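Okay, structure first, notes after.
The values are calculated or read from the model by the stated rules, or taken from the named source; none is laboratory data. It should be emphasised that the depicted structure is a prediction, and the values quoted were computed from it without experimental measurement. Every residue, glycine among them, receives a Cβ derived from its backbone with ideal geometry; neighbour counts consider all protein chains shown. Accessible surface areas use protein heavy atoms only, side chains included; no ligands, DNA or RNA. Shrake-Rupley method; radii C 1.70, N 1.55, O 1.52, S 1.80 Å.
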Amino acid sequence: MRMPRRGLVIQARTRWLLVGLALLFSLVLLMYLLECAPQTDGNGSLPGIIGENMGKEYYQALLQEQEEHYQNRATSLKRQIAQLKQELQEMSDKLKSLQEKKSPKVNGMNYQGTKEQASNDLLEFLHSQIDKAEVSVGAKLPSEYGVIPFESFTSMKVFQLEMGLTRHPEEKPVRKDKRDELVEVIEAGLEVINNPDEEDGQDEDDGVGERQLYSENDFVEGYYRTERDKGTQYELFYKKTDGMEYRHVTLFRPFGPLMKVKSETVDISKSIINIIVPLAGRTEAFAQFMQNFRDVCIHQDKRVHLTVVYFGQDGLSEVKSILESVARETNFHNYTIVSLNEEFNRGRGLDMGARAWEKGEVLMFFCDVDVYFTAEFLNSCRLNAEPGKKVFYPVVFSLYNPAIVYANQDIPPPVEQQLVHKKDSGFWRDFGFGMTCQYRTDFLTVGGFDLEVKGWGVEDVHLYRKYLHGDLIVIRTPVPGLFHLWHEKHCADELTPEQYRMCIQSKAMNEASHSHLGMLVFREEIETHLRKQAYRTNSEAAG
């Protein structure tokens, strides 16, 4: 059967088209090979290195360097891919389990998306976090108080507004996870610069020579800030020593969706707290303490035991009389008094109070006579301490000298009215570790206090560090129901230089706020100004 003429023409044209495409492909391949082949002419030179003769050794070194670079890049990418796969798998499994619980069943099977869909949903969520954060577009804020400031850092130091416990405006990151975070961010920025994506808009070379590779030494500075519901933003800057151009990289670590860790019911109805108070003298302060104890512990909470460890004989009879009076009036007999005829040592007193308990396991609250607490705090104490798992170190709100705070009043208000969280009334005592809730077995397991320490302050820090060096979780947080009442401090001459310095520092911080202390320093200048104002006013009135 003869093929129609039209079919022969089409077949011929198709054949010639294929031949043409093959020739074009061969030509392009030949041009590519000629372009990429190394120059063998003795007068040849690499781009960017004019007139320099290159031998075989140079090419081998260059190839080896490039090979090592790509091997490192491949290793880094494999590590990141493995980490991302693991995280995506965990999130996918989580989403799958949630869908299995919530999705309706159709024909006996769960109606749910695939794992790929769950991963895509997660990635979409993470990208949406970037869109919601103040990264590309500024947010409209009501005032300057709504601004989230950046912290700045170099490869060695962090410059911080929130100075924390150290009070250092600049410091090397203390926590290993923080150091690792910043190192990871700097390396991630280098990965972005040295291996750009097409969307970064970088050419493979700059027209003069091969693209420059950046290293950790080229990092100049960075900034970071965290929006708590979105993630952490990083602004990174790199520059070659002999260059004038900076490379700027913006990274964002988005926060993922909330994930349930655990859900449990905590029964604290039978949880007894043994409140241990070391004391020497200061009977008036103890009488005030017992008034608060009566209102909170006896009338409201009703699940406490009081242990008073008294040093010396002076004032002991008065303390016993106060306890007996409260017992008669309230029918409260859950108290113990331990008498030690020796010099006051807070660690020794708390240690003796803990060992005086003979009824097995118990939650202990190490307290001072100048501390005021609420019934809500006692429940926080129960909820945040767990035997063998957690110890509770609340941050106390320390009240300033009421004679300064309420200097414009004839007399300071009652103590109950002074219990307010304002910057001119007190401060969070974040350098103090004396108030703590922990179980007796945990206290004994870590070895208790260092009984060689005598006098003020250091024994609390030693115990705190023991827990930090162990496996228990330390819950450290400011709490609204715990106050340290102001009292006159006396720093004894017998203290060691370190203890005396800590005592004086505490004394200065306890006295008044920065603004109130400033008013005291400039009191004469203020009074002079007021006298001049009054004289001017009187002169104008007389004239």
| Cα gyration tensor of the stretch 305-384, axes a ≥ b ≥ c as square roots of the eigenvalues: rounded (a/c below 1.5), prolate (a/b > b/c) or oblate? | oblate
| request: Mind listing the long-range amide H neighbours of K390? Cut-off is under 5 Å, sequence gap 5 or more, other chains count too, H placed in the peptide plane at 1.01 Å from N. | output: I473
| field | Value in Å of the Kirkwood radius, where the stretch 458-543 supplies the Cα pairs that are averaged | value | 18.1
| field | Sequence-distant residues sharing a close amide H with T307 (under 5 Å, placed H) | value | I275, I276, V277, T336
| message | Just to confirm, what accessible area per residue do you get for the stretch 273-518 at 1.4 Å probe, in whole Å²? | response | 48
| said: When a/c reaches 1.5 or more, the comparison of a/b and b/c decides; with that in mind, is the stretch 237-321 rounded, prolate or oblate per its Cα gyration tensor? | reply: oblate
| field | Under 5 Å, built H, 5+ apart or other chain: amide partners of I272 | value | L363
| field | Only Lys, Arg (+1) and Asp, Glu (-1) charged, at Cβ; the stretch 273-518 dipole about Cα centre in debye | value | 660
| Got the relative contact order for the stretch 273-518 handy, in percent, Cα pairs under 8 Å and 6 or more residues apart? | 24
| Percent of beta bridges antiparallel (DSSP, the stretch 273-518, rounded to nearest 5) | 30
| remark: Per the C-alpha gyration tensor (a ≥ b ≥ c, the square roots of its eigenvalues), the stretch 273-518 is rounded if a/c is under 1.5, else prolate if a/b beats b/c, else oblate; here it's rounded
| message | On a 31 Å Cα-Cα criterion, which of the cross-link pairs K270/K507; K172/K489; K489/K532; K78/K140; K359/K423; K157/K230 come out too long? | response | K270/K507; K172/K489; K489/K532; K78/K140; K359/K423
| note | Expressed in angstrom and rounded, the centroid-to-centroid distance over alpha carbons for the stretch 474-490 and the stretch 296-375 is 19
